[in-house]
Each structure stands twice: as C-alpha cells, then as structure tokens.
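Undergrad: Below is the structure I would like to discuss, written out as structure tokens.
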Amino acid sequence: MTQADDRLLETLEESSLILSPRILSVNTDYSRHYVSERLAKLLDAKLVEKKGDGLYQITEDGQKYLAGDLDADALARENEK
C-alpha cells in the first residue's frame, strides 16, 4: 500500500460517491494514469470495486482498512493464493 492508495481510499470514503479515475486525479493531485494504476491494485486487493465502466467505489474492506481493522498487505497476499 502506498500513500496514494490511502489518499484515494479516503477520497472515495469521504465523498460517499462512485468516482472515475479522472475525478479522483483532480481531487488528489495525482495524474489520471497513476490513479488508474493504483485503482487496479486496490481492485485486486478488494478495497475498491468497479461500478460500471471506469467507475469505482470503496468496499467494506476498504473502509475497514482505513479504520485500521484490516491489514491490506495480508489481504493482498491472501488473494495471491
């Protein structure tokens, strides 16, 4: 997990909206390309989910991660199995 991952998850959680990489990039000052790369990683870790074409929403696991109730690295290792 990177600082950008935390920032993207926080933005999704605080807004309570389904957002595109472009909107997330505008609100986090990361490039759209970088946001898309990080969203793919967050999707693999099941911290975000796709809601339509190019739209993302934080998952319950993503909220647990932000609250400190879930170790995302352990979750990612588990998903690799």
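Values quoted throughout were computed directly from the atomic coordinates according to the rules given, and no laboratory measurement underlies them. Being a predicted model, the structure only gives us computed values, none of them experimental. Backbone-built Cβ (ideal geometry, glycine too); neighbour counts: all protein chains shown.
Undergrad: Report the one residue of Tyr30, Thr11, Tyr65 whose Cα lies farthest in the direction of the positive end of the charge dipole of the chain (charges on C-beta: Lys and Arg +1, Asp and Glu -1; origin at the Cα centre).
TA: Result: Tyr30.
Undergrad: How large is the dipole of the chain about the Cα centre if only Lys and Arg carry +1 and Asp and Glu carry -1, each at its Cβ, rounded to the nearest 20 debye?
TA: Around 340 debye, computed over the chain.
Undergrad: Still on this structure, please answer the following. Express the Stokes-Einstein translational diffusion coefficient of the chain in µm² s⁻¹, to the nearest whole number, given a Kirkwood radius over alpha-carbon pairs, 25 °C and a viscosity of 0.890 mPa s.
TA: Approximately 198 µm²/s, per Stokes-Einstein.
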